[in-house]
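I have placed the structure first, in the form of structure tokens, so that the comments after it can refer back to it.
We did not get these values from a lab; they are worked out from the coordinates using the rules stated. This structure is a prediction, so every number in the text was calculated from the model and none was measured. In this analysis, Cβ positions are derived from the backbone assuming ideal geometry, glycine residues included, and neighbour counts consider all displayed protein chains.
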Amino acid sequence: MKKYHLDRPGMALLSAVLVLGGSAALVLGSAALGSHPSQTQATAPSMAGMPTAQPTSAAAATGAVVELHQHVVNVSIHNFAFGPARLVVSPGTRIVWTNKDSDPHTVDSTKGVWTSEALDTDSQFARVFTNTGTFPYYCSIHPFMHGTIVVKK
């Protein structure tokens, strides 16, 4: 691991955390005006042997939230984003989108399968997904907002 020394006057405290390949190193340095940071630098013990979190499935690797065998699943519209943005559900699941933003949003299929009215704050739109498949959607008012419903048995 590279260590960098900063000899800048006025640097009172420098702290950094570096995470590379699942391991982390903590480097702390303290420098009074005119002193050399290498004299007070300490390095935390190696964390290379510690386990790192790994996705447990393909759905987890893609950031999908899996809600199989649920009757109703809620999607929040907040901070100009759908949450969760990718959802895996079983056939027959009812998805309910609720707008938590102060701006209106829509929930529209990119394939023209469904479209919602503009949803004001706390308004909802619901749809039951009976067929298997992948159903991407977006907000027609804010086209950068995207989500995907995956329906599988």
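Between Phe144 and Arg94, how high is the FRET efficiency from 1/(1 + (r/R0)^6) when r is the Cβ-Cβ distance and R₀ = 30 Å? Nearest 0.05. Calculated transfer efficiency: 0.70. Net charge in the neighbourhood of His142 (other residues with Cβ under 10 Å of its Cβ; Lys, Arg +1, Asp, Glu -1) is -2. Ranked by the mean number of other Cβ atoms within 10 Å per residue, highest first, peptides 84-91, 107-114, 71-78 order as 84-91, 71-78, 107-114. With neighbour counts taken as other beta-carbon atoms within 10 Å, the residues Ile141, Ile149 rank, fewest first, as Ile141, Ile149.
The residues packed around Thr121, meaning those with a beta-carbon under 12 Å from its beta-carbon, carry a net charge of -3 if Lys and Arg are +1 and Asp and Glu are -1. Label point of His71 set 7 angstrom out along Cα-Cβ; within region 85-100, amide nitrogens under 15 Å from it belong to 92-96. Within 15 Å, Cβ to Cβ, of Leu68, how many net charges do the neighbouring residues add up to if Lys/Arg are +1 and Asp/Glu are -1? It works out to a net charge of +3.
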